[in-house]
Amino acid sequence: MTHPLETTIREAYAAFGRGDVDGYLQPCTQDFSFNIPGRGAIAGSWRGKQGLYELARMAMQVTEGSFREEVEDVLANDHHAVVLARHQFTRDGQSKEYRTAHVYEIHDGQLTRCWEQPQDSSAFDDAWGIVQASSAKP
């Protein structure tokens, strides 16, 4: 039997895929943070609604609107959730693809923090391009 949060998370990712950041944020706390490792254009800690909007804007800008995310699996319980995903896009005229895991912390049934964990950190940095980015985002 699947945990109810699995369906909620799949719906949130479907909303994000449609460009509906508010739909993605529905199961999240007000102070939600999405933490991305590396030295690429989107690396850093993106906090709250403003931070997620900025992250989505930056990802679409860097990929010229080509960013696509395929959810391969979702695992969840009352304390944690993991989304296994494949990201594909074009940057600077070159196709990029990598697999990643989004590891969520859950409190009182809401997503509070997420850490992106790329399967291959070199491929991840290559995909996003290494830049000097601030590690603290809105």
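The values are calculated or read from the model by the stated rules, or taken from the named source; none is laboratory data. This structure is a prediction, so every number in the text was calculated from the model and none was measured. Note: ideal-geometry Cβ built from the backbone for every residue, glycine included; neighbour counts use all protein chains shown.
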Give me the pairs: first residue in the stretch 28-42 and without any contact (Cβ under 8 Å) to a residue 60 or more places away in the chain, second residue surrounded by fewer than 19 Cβ atoms within 10 Å (Cβ to Cβ), beta-carbon distance under 9 Å, and six or more apart or on different chains, which are they? GLN30/GLY48; GLN30/LYS49
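Tell me, which strands (runs of 3 or more DSSP E) wholly within the stretch 23-90 include 3 or more residues that are among the hydrophobic types (A, V, I, L, M, F, W, C)? Spell out how you get there, then give the answer.
Details: elements: 28-36, 44-47, 68-76.
In the stretch 23-90, the matching strands (runs of 3 or more DSSP E) lie at 28-36, 68-76.
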Go through (1) over 20 Å from ARG99 (Cβ atoms); (2) more than 13 Å from the chain's Cα centre (by Cα) one by one and return the number of the condition ALA15 breaks. (2)
In the stretch 104-131, how many residues are β-branched (Val, Ile, Thr) and either surrounded by 15 or more Cβ atoms within 10 Å (Cβ to Cβ) or touching an Asp or Glu at 6+ places or on another chain (Cβ under 8 Å) (or both)? 2
State which residue is surrounded by the most Cβ atoms within 10 Å (Cβ to Cβ) when the search covers only the stretch 19-48 and only residues that are under 22 Å from ARG99 (Cβ atoms) and out of contact with any strand residue (DSSP E or B) (no Cβ under 8 Å at 6 or more places or on another chain). TYR24
Exactly one of ALA133, ALA123 is at pLDDT below 95, part of a loop (DSSP other than H, G, I, E, B) and over 30 Å from MET1 (Cβ atoms), and that residue is ALA133
Any residue in the stretch 92-121 that's under 15 Å from ALA43 (Cβ atoms): show its pairings with residues that are basic (Lys, Arg) and surrounded by 15 or more Cβ atoms within 10 Å (Cβ to Cβ) at Cβ separation under 9 Å, as long as the two are six or more apart or on different chains. PRO118/ARG99
